[in-house]
Amino acid sequence: LLLSLLLLAAWETGSNHVQYSVPEEAKHGTFVGRIAQDLGLELAELVPRLFRVASEGRGDLLEVNLQNGILFVNSRIDREELCGRSAECSIHLEVIVDRPLQVFYVEVEVKDINDNPPVFPATHRNLFISEARALESHFSLEGASDADIGENTLLTYRLTPNEYFSLEVPSNDEQEKPLELVLKKRLDREVASELLLVLKATDGGKPELTGTVKINITVLDANDNAPVFDKAVHRIKLLENARNGTLIIRLNASDLDEGSNGHILYSFATDVSSNTEASFRIDSNSGEIRVNGKIDFEETKLWKLQIEAVDKGNPPMFGHCTVLIEVLDINDNAPELLVTSLLLSIPEDAPLGTVITLISVTDRDVGSNAQVTCSLTPHVPFILVSTFKNYYSLVLDSSLDREKVSEYALTLIAKDRGSPSLSTTASVSVEVADVNDNAPVFAQPEYTVFVKENNPPGCHIFTVSARDADAQENALVYYSLVERRVGERAMSSYVSVHAESGKVYALQPLDHEELELLQFQVSARDAGVPPLGSNVTLQVFVLDENDNAPALLPPGPGGGTSAVSQVVSRSVDAGHVVAKVRAVDADSGYNAWLSYELQLAAGGARSPFRVGLYTGEISTTRALDEADAPRQRLLVLVKDHGEPALTATANGLPSRGEHHGEPALTATATVLLSLEDSGQAPKASSRALSGAAGAEPALVDVNVYLIIAICAVSSLLVLSLLLYTALRCSAPPGEGVCGPVKPRLVCSSAVGSCKNEYFSLELLINSKPTKKLSLTLKKSLDREKTPEFNLLLTAVDGGKPELTGTVELFVRVLDINDNDPEFEQSEYKVRLMENAAKETLVIQLNATDQDEGVNGEVTYSLMSIKPKGKPLFTLDENNGEVKVNGTLDYEENKFYEIEVQATDKGNPPMAGHCTVWVEILDANDNSPEITVTSLSLPVREDTQPSTVIALISVFDRDSGDNGQVICFLTPNVPFKIVTPFRVGLYTGEISTTRALDEADAPRQHLLVLVKDHGEPALTATATVLLSLEDSGQAPKASSRALSGASEAEAVLVNVNVYLIIAICAVSSLLVLTLLLYTALR
């Protein structure tokens, strides 16, 4: 039991963390810490458990004495070499022990000592000083630098004692000022032409270290006044993104000399950095410092420029000053919008409050410049709801109607609170999905159709059409007949409706005489769920055709045959109506209009009778006499006017009677009487219009009223003309038609405005009858606002009423090159996948120039690409297309800044600028990398579960999901990989899953498979070879062993001996116990 507990404790793992400190440059063997004791390890187990220390990239700076467990310095430690000027510097150690495998982390802080002397930029400095220089003249010197940190870098300066110069050292508050030599005694070249001084810098460490620079001063003759700046230090504040050529300061240095000795040239100091020269330029003559590149607050907040002023004396003399430029931050980063769509389309009956899109807003600026407000296109049924800081939801605010608006193109505007404010827009398209909320609609509620009777069965008589405002299946319309009865028959027996086309068919011939009007309804239903529908009424008028012959009516109310019998007195005169033939036609209209004809008698004898063409009245053509036959047989033909004409005949048998000379009539007729002077009674006319005599007085009255009205209107017209003439004649002299003319200028159609604010009219009055007018320009013209004017010049006289005359003036404004090309945006942001193919389109820029002609033609050019390097992008100068020209690698650069200029072809040309920010997106193009950092010795067959065998680490250079990895181990082996920790760097342990036994293969080939989460996924493999040793035999050689394994084999043999002795002792105790038990029994 005791042995089991000892073995179990030995296999437990730990993860202690220990910290030490050691001064740099410590000697070999310097004590650092009792690492074994602090990690809880026994000294006796350090060698058997293969205690070892690893330090990535640190070499063998520290070592552990395995006899006493002390961590000591093994080789020289230079803090400046390890960590540079970083305030913190530590060496991270990884302590590994086996059986069981444990890993401990140890941090050793390296303390700074004063081991670096101050160093000047150069060991020699040559100064040329004129003997005429004034006392208290200052000469700038470069200070020394110290690689140490803290108090070890506090420098003090001392100058070789001399009678000419003293050293002026800036205080702590004036660190930007340089060291200066101050002339205390006038120089005399003839006494001393050269002076050799030594400037000594001492740091604040213990012990103190020093550095020196030799200053060789050459005394020059003649030109004894150096240029002097009005200030030694100029402090300037400059806004970032100031345009090239912006004036920063105009330096002024004066030289008391004259002529060439007083002519000053300005320049940067000789040791100025390349960044300074790339960002600023100085005019050598005027001393103007101007912007020469991009000024970015985020890159550099303070610029320190050392300026020299040199005269043209022989030798020249120099003056120096420092220009401190503080860069002020401006709101130069527009907000960025990220839209995440939740719904591709929204049904038009969606409830209010439905969330359509999630929006997030970011701004790279800080403070008020980064406070962003989000707004939406007005007059849309959506609102933005703030869900969290800089997070919004696009929510439905009012009901939708797809038939009015099927799609909304929304514009999101993100605006920060900077000054001036910057904004970004993003477009969101919301499609409205259709629901069946509209019934089919006919163009009109009722249709009138005309169809000729006797139509063939099944003929097409009309087509109905209904429109459904919905879409897709909701807009499919099907037609049907609304059933009803016409008399005793169903409507469907007359007509039918095609369900899809809406065509209406007549199922049988229609008869006008039977059915003049056929009225029915057609229903239209859509295919929606539930279906919607509407009805339309059709009125089918059956048009008459001439299909009925005239029919003769009986002569009297009693009926009878069609023969008309009438007794006619011979004493009747010519024109006397003796009978009337009546006939009707079942048709209508022109087809029912009848005419009558009297057929000639046989033999061609002339009859004394005639018949009315349209009345059917038979009358005498002359007076009857005794020669006429007593019985007359007349044949009357009745004919309609249809096509073709149909006829009928009637026989009239007039007879004479002796009834006191008066005819006996059995039919009545409308008689029109006309009074004659004769004493006879008036004769009846053939037909008289009813009421004709009573209408004549009414017509006479109407004519009288018309005559009165015409006379009244004519009188009013004459009176108006007389009044106008009187007024004209009574006008005062000079105000008539020859009065002065008042001209007026009116803008009739100026483009963009109907007000004339550009021109005025001047009237030059002289003695001549002709007036001279002058059109004067009173406001500058702008062709881009108003390219042309239509002016109306109106002249008004002084008469009453006023009379006018007009002339139209057309003014065309000619173009000059006064507009810069303007890009649609000042900044463009583009995302591009790495490894994009060459000639891939990045963006097509578009700049517009409001000028016309060559002044409006724009060409594009690349100004700069940052970071500098290979030309990875090209720009088409004509169409503005930016394309890939090289290999883009996310791991090298994640962002590119492209400056583009658009220039017109005017004279002089004008230019506009924009910046294209290209963000490179990561692609899964790097496979994981596997490193086996530690392996155990051969594994014993009696190894317990969860024993750590080896350590593995995995790294993937990609980012995001492409850099996330998972590990797999060979299946069906008694080992597993422990869950990893740390993002991006996978560190895992291979441990046993169960107790090993003799059935396990003596050599285990473990294949570690690593796979990332990219698309497509990339993999890597590594093989770990393990050897299993028998618990009672010497260990088998492993395929891979850590450094130092050969030295550990002897120790393992000793451990095995001790294990065998312990097993024998336990066995002896067991045998002894059995014998004692047997004896007692």
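Observations on the structure shown:
- Between E446 and S826, the distance separating the two model label sites (each 7 Å from Cα on the Cα→Cβ line) works out to 6.9 nm.
- Rounded to whole Hz, the Karplus (6.51, -1.76, 1.60) HN-Hα couplings of the stretch 134-142, x for glycine and proline: 7, 4, 6, 5, 10, 10, 6, 10, 7
- Å³ per residue enclosed by the Cα convex hull of the stretch 260-315: 74 Å³
- Cα centroids of the stretch 1062-1079 and the stretch 183-206: 97 Å apart.
- In terms of its alpha-carbon gyration tensor, the stretch 861-936 comes out prolate; a/c meets the 1.5 threshold, and the first ratio a/b outweighs b/c.
- Debye intensity ratio in log₁₀ form over the Cα atoms of the stretch 834-961, taken at each q of 0.09 Å⁻¹: -0.47
- Listed values for the stretch 1065-1076 are Karplus-derived 3J(HN,Hα) couplings in whole Hz (6.51 cos²θ - 1.76 cosθ + 1.60, θ = phi - 60°), namely 5, 5, 4, 4, 5, 5, 5, 4, 5, 4, 5, 5, and x replaces Gly and Pro.
- Cross-link reach list, lysines versus K639, counting only Cα pairs under 19 Å and skipping chain neighbours closer than eight places: K580
- Near the amide H of V581, within less than 5 Å, lie the amide hydrogens of E617, I618, all on another chain or at least 5 residues away, with H placed in the peptide plane.
- For R52, distant residues with modelled amide H under 5 Å away: I96
- D (Stokes-Einstein, µm²/s), Kirkwood Cα radius, the stretch 280-369, 0.890 mPa s at 25 °C: 130 µm²/s
- Amide H partners (placed H, <5 Å) of I843, local residues excluded: V882
- Surrounding net charge for N885, when Lys and Arg each add one and Asp and Glu each subtract one, Cβ distance under 9 Å: +2
- The stretch 87-152: Cα Rg divided by the 2.2 N^0.38 Å rule of thumb: 2.31
- For the stretch 233-263 versus the stretch 22-99, the gap between their alpha-carbon centres in whole angstrom: 58 Å
- With an a/c value of 1.5 or above and a/b not larger than b/c for the gyration tensor axes a ≥ b ≥ c computed over the alpha-carbon atoms, the stretch 136-292 is described as oblate.
- Over 19 Å (Cα to Cα) - which of K870/K894; K231/K301; K111/K206 fall in this group: K231/K301
- Nearest-0.05 FRET efficiency for D397 and D349, computed from C-beta distance (R0 22 Å): 0.90
- Eligible lysines near K214 by straight Cα distance, threshold 22 Å, same-chain separation 8 or greater: K177, K184, K185, K200
- Potential extension, S774-A222 segment - 0.36 nm per residue separation minus Cα distance: 191.6 nm
- Modelled this way, with points 7 Å down the Cα-to-C-beta line, the labels at E1015 and L167 are 6.8 nm from one another.
- Here the label points at S492 and H263, each 7 Å from Cα along the C-beta direction, are separated by 11.6 nm in the simple model.
- Values of log10 I(q)/I(0), in the order q = 0.23 Å⁻¹, for the stretch 224-330 under a Debye, Cα-only, solvent-free model: -1.18
- For the stretch 203-266, the square roots a ≥ b ≥ c of the C-alpha gyration tensor eigenvalues yield an a/c of 1.5 or more together with a/b not exceeding b/c, which makes the shape oblate.
- Residue separation of A1001 and H17 scaled by 0.36 nm, minus their Cα-Cα distance, works out to 350.5 nm of gained length.
- The phi torsions of the stretch 550-555, fed into the Karplus equation with coefficients 6.51, -1.76 and 1.60 and a -60° offset, translate into couplings of x, 10, 7, 9, x, x Hz, rounded to whole numbers, with Gly and Pro shown as x.
- D_trans [Stokes-Einstein, Kirkwood Rh over alpha-carbon pairs] for the stretch 32-158, 10 °C, 1.306 mPa s, µm² s⁻¹: 85 µm²/s
- Efficiency of FRET between S465 and V529 - r from beta-carbon atoms, R0 30 angstrom, step 0.05: 0.85
- Exposure proxy for V713, V198: other Cβ atoms within 10 Å of each Cβ, ordered fewest to most, give V713, V198.
- Each of S171, S429 was scored by other Cβ atoms within 10 Å of its Cβ. Listed from fewest to most, they are S171, S429.
- Fewest-first ranking of R631, R49, R1081, R957, using other Cβ atoms within 10 Å as the exposure measure: R1081, R631, R957, R49
- Cα-based radius of gyration of the stretch 441-543 once divided by 2.2 N^0.38 Å, which approximates compact folds: 1.12
- For the stretch 363-502, alpha-carbon Rg and Dmax in angstrom: 28.2, 91
- Calculated on the Cα set of the stretch 798-888, radius of gyration then Dmax: 24.6, 87 Å.
Each reported figure results from applying straightforward, stated rules to the coordinates on display, with no laboratory input. The shown structure was predicted, so the numbers you read here are calculated from the model rather than taken from an experiment. So basically every Cβ, Gly included, is an ideal-geometry build from the backbone, and we count neighbours across all protein chains shown.
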